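**Student:** I am attaching a structure below and will ask some questions about it afterwards.
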Amino acid sequence: MSPKVLNLILKVLDANGEAVFGPEDIAAWPEGDFEEALHTGLLEEAAPAEEVVCPGCEEACLEDVDFVHGDRPEDTRAYVICGQREDIGRVPIPLESLQRWAANKSRAESLRLDADRKRAKEPVSMRGFIEQYCRPVGPGRAQQLATRILQEARRKPVKLKLPPTTNKATGNRKKLFRPADLRAKWPQYKRVIPWLPDLK
Ligand SMILES: [Zn+2]
């Protein structure tokens with residue numbers, strides 16, 4: 001699954017305590033993500049929407065959905081009654097548009113842990129490390145601090161030693177480091193540059 005969709009689901013969960021999606025939400029996701037979310041159990045089919053924006057008028061009124069059940073399940077019909085315009089009355093609603101899927105919380109938490117673990121192994125620039133692994137600094141400040149560390153590392157006599165890089169920094173490519181290496185060295189860096197932020 002793309003990190004984009006997982007992050008979206010986690011963000012909605014964090015904000016609302018639940019994350020429920022309809023067909024219009026899912027239509028905007030990268031292809032295959034929804035199927036994978038279902039397949040892995042991250043999303044589960046939930047009860048259909050109980051209210052929808054009325055498609056019958058231009059007022060975007062939110063109306064309760066009424067169901068009419070026939071003899072067979074496929075005979076079920078849904079409609080809303082427009083509360084804004086008297087001349088509209090019953091507006092049929094396609095059943096597919098009422099389908100909802102909800103995130104399974106424990107599955108979401110375990111995927112969050114996996115993603116964090118994976119991220120912890122991905123090399124970062126000095127600035128990226130400060131942004132992701134330290135307590136928040138002001139806007140633009142992470143770059144200043146990163147530059148300060150890299151400058152300090154070039155000074156003689158050496159007080160601050162960089163860990164091995166995972167790439168060759170040429171042109172605009174930044175030096176990348178393993179987060180665990182920078183974590184281990186951080187207390188030492190803070191002794192040389194005391195105003196560096198604390199680790200999270
Ligand atoms: Zn209406």
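**Student:** In whole Hz, what ³J(HN,Hα) sequence does region 119-134 give by Karplus (6.51, -1.76, 1.60; θ = phi - 60°), x for Gly and Pro?
**Tutor:** 5, 5, 9, 7, x, 10, 6, 4, 5, x, 4, 4, 5, 8, 10, 10
**Student:** Work out from phi, with θ = phi - 60° and the Karplus expression 6.51 cos²θ - 1.76 cosθ + 1.60, the ³J(HN,Hα) of each residue of region 15-27, listed in order in whole Hz, and give x for Gly and Pro.
**Tutor:** Rounded to whole hertz, the list is 6, 10, x, 8, 9, 10, 10, x, x, 5, 4, 5, 4.
**Student:** On to the next question. Longer than 21 Å from Cα to Cα, which of Lys11/Lys185; Lys4/Lys118; Lys174/Lys200 are they? Say none if no pair is.
**Tutor:** Beyond 21 Å: Lys11/Lys185; Lys174/Lys200.
**Student:** Another question, then. Using square roots of five times the C-alpha gyration tensor eigenvalues, list the equivalent-ellipsoid semi-axes of the chain in whole Å, biggest first.
**Tutor:** Ellipsoid semi-axes (Å, largest first): 53, 18, 14.
**Student:** Before anything else, pin down the relative contact order of the chain: Cα pairs under 8 Å, at least 6 apart, normalised by residue count, whole percent.
**Tutor:** For the chain, the relative contact order is 18 percent.
**Student:** When the Cα centres of region 3-59 and region 66-93 are compared, how far apart do they sit, in Å?
**Tutor:** 23
**Student:** What does the extension gain come out to for Ala153 and Val53, with contour length at 0.36 nm per residue minus their alpha carbon separation?
**Tutor:** So the extension gain works out to 30.1 nm.
**Student:** Calculate, in whole percent, how much of the Cα-Cα pair population of region 49-98 lies beyond 19 Å.
**Tutor:** Values: 289 of 1225 pairs.
Percentage above 19 Å: 24.
**Student:** A further question on this structure: Hey, can you rank 167-176, 124-133, 42-51 by average C-beta count inside 10 Å, highest first?
**Tutor:** Details: 167-176: 10.9, 124-133: 19.8, 42-51: 15.3.
Those peptides, ordered most packed to least, come out 124-133, 42-51, 167-176.
**Student:** Mind sorting Leu196, Leu95 by how few other Cβ atoms lie within 10 Å of their own Cβ, fewest first?
**Tutor:** Leu95, Leu196
**Student:** Aspartates and glutamates near Lys121 by alpha-carbon distance under 15 Å, same-chain residues fewer than 8 away left out - which ones?
**Tutor:** Asp181
**Student:** Amide H of Ala46: which non-local residues (sequence gap of 5 or more, or other chain) have their own amide H closer than 5 Å, using H built in the peptide plane?
**Tutor:** Arg100, Trp101, Ala102
**Student:** Using only the Cα atoms of region 122-192, build the gyration tensor, take square roots of its eigenvalues as a ≥ b ≥ c, and label the shape rounded, prolate or oblate: rounded if a/c is under 1.5, else prolate if a/b is larger than b/c, else oblate.
**Tutor:** Cα axes put region 122-192 in the rounded bin.
**Student:** When only C-alpha pairs under 8 Å and at least 6 residues apart count, what is the relative contact order of region 49-98, in percent?
**Tutor:** 31
None of the figures in this text is laboratory data; all of them are computed from the coordinates on show. Note that this is a predicted model, so its numbers are computed, not measured. We place every Cβ from the backbone using ideal geometry, glycine too, and count neighbours over all the protein chains shown.
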